[in-house]
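The values are calculated or read from the model by the stated rules, or taken from the named source; none is laboratory data. The shown structure was predicted, so the numbers you read here are calculated from the model rather than taken from an experiment. All Cβ positions, even for glycine, are placed from backbone atoms using ideal geometry, and neighbour counts span all protein chains on display. Just the protein is used for accessible areas: all its heavy atoms, side chains included, with ligands, DNA and RNA removed. Shrake-Rupley method; radii C 1.70, N 1.55, O 1.52, S 1.80 Å.
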Amino acid sequence: MDSSTEISKQPPPQQRRLPVLPWKTRITLFFLNAVTDASRRSDGTVNRRLFRFLDSLSLKTPPNSNPRNGGVKTSDITVDTSRNLWFRLYVPPASSATTTSDSDQPLLPLVVFFHGGGFVYLAPDFKAYDDVCRRFCSQVPAVIVSVNYRLAPEHSYPAQYDDGFDVLKFLDDQTHLLPENADLSRCFLAGDSAGANLAHHVAVRASQSKFTHLKARSPAHLYILQTHTHTHMYIYYINLRGVRGLVAIQPFFGGEERTKSEMELAEVDAIVTTKRTDWMWKSFMPGGDRDHQVINVSGPRAFDISKLDCFPPTMVVVAAFDSLKDWQLRYYEWLKNSGKQAYLVHYPTMFHAFYVFPELPESAHLVSQVKHFIHNHYCMSQH
């Protein structure tokens with residue numbers, strides 16, 4: 001994966017149409033769009049009863065600590081009952097893990113995942129996200145922690161960021177709750193849409209914080225000692241704060257400006273519209289403006305990450321039929337201009353949140369790209 005990868009040229013969106021999608025995908029998109037639109041009230045509140053109705057249709061998945069045929073084990077762990085802060089833990093079957101060269105105990109990267117939904121909707125036990133995390137867990141493989149953070153408008157900014165970071169601190173303090181082979185020294189953050197926004201800001205906080213176990217090692221210098229018969233090589237390591245990598249899948253960023261992609265894809269995007277995103281931003285930050293640094297993350301009021309030595313390498317996923325792609329591309333360029341490692345993965349025929357639809361071949365491809373990114377940066381920290 002090349003950090004200098006650029007997007008291939010595409011015809012103007014107004015000359016293109018969203019490729020024909022499978023019927024299953026189209027029906028699901030129609031249903032989800034209809035329910036989320038109907039749930040938004042003019043006073044800025046959400047009709048949560050509609051989503052309880054969805055629960056009755058088996059769109060929520062309970063944890064399963066004893067899966068059949070040695071599948072992924074899941075359990076729900078409470079962090080703070082007062083704010084309903086919990087996470088779903090995914091542990092892959094033993095056969096998925098790779099064994100280190102110096103031990104019989106398989107070590108696995110830890111991935112802290114934040115779901116999408118515009119900061120307003122969805123949860124880790126929503127079937128589509130449960131399925132996604134199971135795929136990451138078994139195919140990377142990795143131990144996955146999928147966070148149930150508080151939602152707007154009932155809980156506005158910065159509740160979501162506080163919840164995300166507090167889970168990271170909880171994992172660092174309560175290591176006994178994780179499987180023994182979860183490697184906290186090689187922790188990754190990941191998320192899609194609003195969850196990718198959240199993951200970015202948790203990464204910023206983590207880069208400025210101290211942890212006990214959640215540390216990555218980096219070689220500081222090489223020392224060679226020669227004797228009459230042998231040459232001894234020693235590598236000295238330093239402990240770095242923060243995490244090993246960040247996977248930002250179609251991050252939900254915005255601003256007061258209407259970008260070219262927002263205007264050109266207004267009638268094409270399968271999920272995102274400015275009417276929906278404007279409403280979500282107002283729910284997320286009442287009284288604020290969309291050029292706030294946590295929304296317009298690479299804008300004129302952006303937090304300066306160039307001085308954060310421990311800000312992790314970042315994989316940015318963009319799709320051609322996503323109205324938010326211009327904001328995502330600006331984020332990618334901003335990371336590079338801030339002196340950070342950034343890797344761009346582009347899908348020229350896909351739309352926002354495409355990867356939660358396993359019937360699409362691009363979904364499987366994205367999982368493989370995430371696996372590649374995590375393995376590259378996981379192995380780099382082992383040498």
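Quick check: is even one residue across segment 78-88 acidic (Asp, Glu), touching a strand residue (DSSP E or B) at 6+ places or on another chain (Cβ under 6 Å) and modelled with pLDDT of 90 or more? Spell out the reasoning first.
Residues of segment 78-88 acidic (Asp, Glu): 80.
Remaining after also requiring touching a strand residue (DSSP E or B) at 6+ places or on another chain (Cβ under 6 Å): none.
There is no residue in segment 78-88 that is acidic (Asp, Glu), touching a strand residue (DSSP E or B) at 6+ places or on another chain (Cβ under 6 Å) and modelled with pLDDT of 90 or more.
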Taking Trp327 and the conditions (1) in contact with a Gly (Cβ under 7 Å, 6 or more places away or on another chain); (2) part of a loop (DSSP other than H, G, I, E, B), which numbered condition does it fall short on, given that it satisfies the others? (2)
Looking at Asn181 and the list (1) surrounded by 21 or more Cβ atoms within 10 Å (Cβ to Cβ); (2) modelled with pLDDT under 95, which single condition is not satisfied? (1)
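In this structure, does Tyr343 turn out to be surrounded by 17 or more Cβ atoms within 10 Å (Cβ to Cβ), within 23 Å of Leu214 (Cβ to Cβ), among the hydroxyl-bearing types (Ser, Thr, Tyr) and within 17 Å of the chain's Cα centre (by Cα)? I'd like the intermediate steps shown before the answer.
Numbers: surrounded by 17 or more Cβ atoms within 10 Å (Cβ to Cβ): yes; within 23 Å of Leu214 (Cβ to Cβ): yes; among the hydroxyl-bearing types (Ser, Thr, Tyr): yes; within 17 Å of the chain's Cα centre (by Cα): yes.
In short, yes.
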Name the single residue that is least open to solvent (accessible area, probe 1.4 Å) among those in segment 32-52 being farther than 17 Å from His155 by Cβ and of a type in the set (Ser, Thr, Tyr). Thr36
Taking segment 262-283, which residues are over 15 Å from Gly116 (Cβ atoms) and not in a loop (DSSP other than H, G, I, E, B)? Glu262, Met263, Glu264, Thr274, Lys275, Asp278, Trp279, Lys282
Do we find that Ser298 is modelled with pLDDT of 95 or more and either exposed (fewer than 15 other Cβ atoms within 10 Å of the Cβ) or touching a Ser or Thr at 6+ places or on another chain (Cβ under 6 Å) (or both) in this structure? no
Checking Thr25 against (1) at pLDDT 85 or above; (2) closer than 25 Å to Val147 by Cα; (3) polar (S, T, N, Q), which test does it fail? (2)
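Rundown of residues vs (1) surrounded by fewer than 21 Cβ atoms within 10 Å (Cβ to Cβ); (2) of a type in the set (Ser, Thr, Tyr); (3) at pLDDT 95 or above; (4) touching a Pro at 6+ places or on another chain (Cβ under 8 Å), yes/no style:
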site	(1), (2), (3), (4)
Val316	no, no, yes, yes
Phe354	no, no, yes, no
Glu359	yes, no, yes, yes
Leu366	no, no, yes, no
His372	yes, no, yes, no
